[in-house]
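Everything on this sheet refers to the single structure shown next.
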Amino acid sequence: MTDATPIFIPTAEVAQLLQMSLPSFNAKRDWLERDHDFPPPMPHSKRPLLWRRTAIFAWIERQGLAPTDQQHQAPVPKTRADRLMQKAASA
């Protein structure tokens with residue numbers, strides 16, 4: 001993980017890392033947390049929900065679903081909020 005890699009990732013990116021559609025991930029999230037030790041979102045965030053990047057990658061690896069190198073790379077910030085999150089993570 002580089003300094004530019006965000007610490008927290010939004011729901012859409014978590015779904016993408018799990019190779020699920022966003023609606024499918026949203027429908028299965030409670031089940032994953034309850035029955036499969038999936039990490040919960042950060043307790044202080046309501047919307048958009050945010051997850052700790054390292055917790056998601058650790059869970060993926062424990063499941064034997066190791067992501068590709070491309071998935072480990074930080075996404076290019078698309079919005080002002082994304083840029084602010086990257087800036088806060090690198091501070």
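The values are calculated or read from the model by the stated rules, or taken from the named source; none is laboratory data. What you see is a predicted model, and the numbers here were worked out from it, not measured in a lab. Ideal geometry is used to build each Cβ from the backbone, glycine not excepted, and the neighbour counts take in all protein chains shown.
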Quick one: which of Ala89, Ala74 is surrounded by 15 or more Cβ atoms within 10 Å (Cβ to Cβ), in contact with a strand residue (DSSP E or B) (Cβ under 8 Å, 6 or more places away or on another chain) and either among the small types (Gly, Ala, Ser) or modelled with pLDDT under 90 (or both)?
Ala89
It is to be established whether one or more residues within the stretch 32-50 are at positive phi and within 14 Å of the chain's Cα centre (by Cα).
no
Taking only pairs six or more apart or across chains, which ones have beta-carbon atoms under 6 Å, a first residue in the stretch 30-57 that is under 14 Å from Ala12 (Cβ atoms), and a second residue that is crowded, with 17+ Cβ neighbours inside 10 Å and β-branched (Val, Ile, Thr)?
Leu49/Thr11; Trp51/Ile9; Trp51/Val14; Arg53/Ile9; Ile56/Val14
The correct count of residues that are outside any helix (DSSP H, G or I) and loosely packed, with under 11 Cβ neighbours inside 10 Å in the stretch 19-55 is 5
